[in-house]
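Inspection log for the structure reproduced underneath, given as C-alpha cells.
The values are calculated or read from the model by the stated rules, or taken from the named source; none is laboratory data. Everything quoted here is computed from the prediction, not taken from an experiment. Every residue, glycine among them, receives a Cβ derived from its backbone with ideal geometry; neighbour counts consider all protein chains shown.
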C-alpha cells in the first residue's frame, strides 16, 4: 500500500451562485522516496491541494491518508502534532523570523515538541551544513541572501524528519542560478531522507528534473510524459 493516498478529493468554495469547484475527484498515490512536480496555471488549485495534503485546510469530500492516518479524523492537538512531526513545508516566501539566527529558525519546529537537547542542536547544525550554510549558523535573515534564506527554510522543513515534504513555488522569488541550486538541493535531501516530495511550480525547468510530473487542470492531476 502506498504511503500517501489521496482518494476522490474535492474542494469547493461557496459563492452567491453555484459553488466554486477547485479540486474535483482528484486521486494520487505515492510511496516513500517518490517525488512529484505539479504544474498548472494560476488559480488551478495547486496551493489549495498542498494545503489539504499538509492538513492546513480540509477537503469538501474525499480522503487523505499518510502512513495509514487520516489527519482530518484527529482532534486538534493530535492534528497539530501530526503536522509538526510528519509534514515539512517550504514556501516561496521563507517565513524566517527576523530576530532569530539561522540555527534558531531551523530549530523552531522542534521547540513545539519540548525542550531542545544536544541531539537537536547537532541535528540543526548538520542540516545547515547539508544545505551549505555551516558558516552562517549565527546569521540573522537580513544578513543572508535570498538563496541562503531559502536554504535555511529547507533545513527547517527537515528538522523533525517529516515523511512528506511540500514545496509551494520554492524558487519563484529566486534568480535562475539560485533557483537551480534550490531545485537540486530539494531533490538531494528528499532522496537522502527517503521522504515524499511534492512541489508545485510554474517553472518548466524545475519540473523537468523531478521523477514524476503532473498537470493540475479541471480539478484533477494528469500525468506529463
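Among the residues in the range 122-130, are any in a loop (DSSP other than H, G, I, E, B) and either free of Cβ contacts under 8 Å to residues at least 24 places away in the same chain or within 16 Å of residue 191 (Cβ to Cβ) (or both)?
no
Return the pair list, or none, for Cβ contacts closer than 7 Å from residues in the range 162-177 that are at positive phi and touching a residue at least 24 places away in the same chain (Cβ under 8 Å) to residues that are surrounded by fewer than 19 Cβ atoms within 10 Å (Cβ to Cβ) and not in a strand (DSSP E or B), at least 6 apart or on different chains.
Cβ pairs passing all conditions: 169/92; 169/202.
Filter the range 19-52 down to residues that are part of a strand (DSSP E or B) and without any contact (Cβ under 8 Å) to a residue 40 or more places away in the chain and give me whichever is nearest to residue 170 (Cα to Cα).
This residue is 29.
Is it the case that the range 126-146 has a residue that's within 20 Å of residue 32 (Cβ to Cβ) and either surrounded by fewer than 22 Cβ atoms within 10 Å (Cβ to Cβ) or within 14 Å of the chain's Cα centre (by Cα) (or both)?
Yes - at least one qualifying residue is present in the range 126-146.
Select, from 66, 74, 9, the only residue that is under 21 Å from residue 186 (Cβ atoms), surrounded by 14 or more Cβ atoms within 10 Å (Cβ to Cβ) and modelled with pLDDT of 95 or more.
Unique residue meeting the criteria: 66.
What do you reckon, is residue 98 assigned to a loop (DSSP other than H, G, I, E, B), touching a residue at least 24 places away in the same chain (Cβ under 8 Å) and farther than 28 Å from residue 188 by Cα?
no
Condition test on residue 17, is it more than 24 Å from residue 186 (Cα to Cα), touching a strand residue (DSSP E or B) at 6+ places or on another chain (Cβ under 9 Å), at pLDDT below 95 and loosely packed, with under 14 Cβ neighbours inside 10 Å?
So residue 17 does not fit the description; no.
For the structure I just gave you, tell me whether residue 110 is in a helix (DSSP H, G or I), touching a residue at least 24 places away in the same chain (Cβ under 8 Å) and within 18 Å of the chain's Cα centre (by Cα).
yes
Listed here are the residues, each with its yes/no results for (1) within 23 Å of residue 56 (Cβ to Cβ); (2) out of contact with any strand residue (DSSP E or B) (no Cβ under 8 Å at 6 or more places or on another chain); (3) surrounded by fewer than 19 Cβ atoms within 10 Å (Cβ to Cβ).
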{"residue": "124", "(1), (2), (3)": "no, yes, no"}
{"residue": "168", "(1), (2), (3)": "yes, no, no"}
{"residue": "179", "(1), (2), (3)": "no, yes, no"}
{"residue": "188", "(1), (2), (3)": "no, yes, yes"}
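Return a yes/no flag: does the range 56-69 have any residue that is within 20 Å of residue 130 (Cβ to Cβ) and out of contact with any strand residue (DSSP E or B) (no Cβ under 6 Å at 6 or more places or on another chain).
Among the residues of the range 56-69, not one is within 20 Å of residue 130 (Cβ to Cβ) and out of contact with any strand residue (DSSP E or B) (no Cβ under 6 Å at 6 or more places or on another chain), which makes the answer no.
Between a residue in the range 140-153 that is under 13 Å from residue 130 (Cα atoms) and any residue that is at pLDDT below 90, which pairs come within a Cβ distance under 6 Å, given they are 6 or more apart or on different chains?
151/131; 153/94
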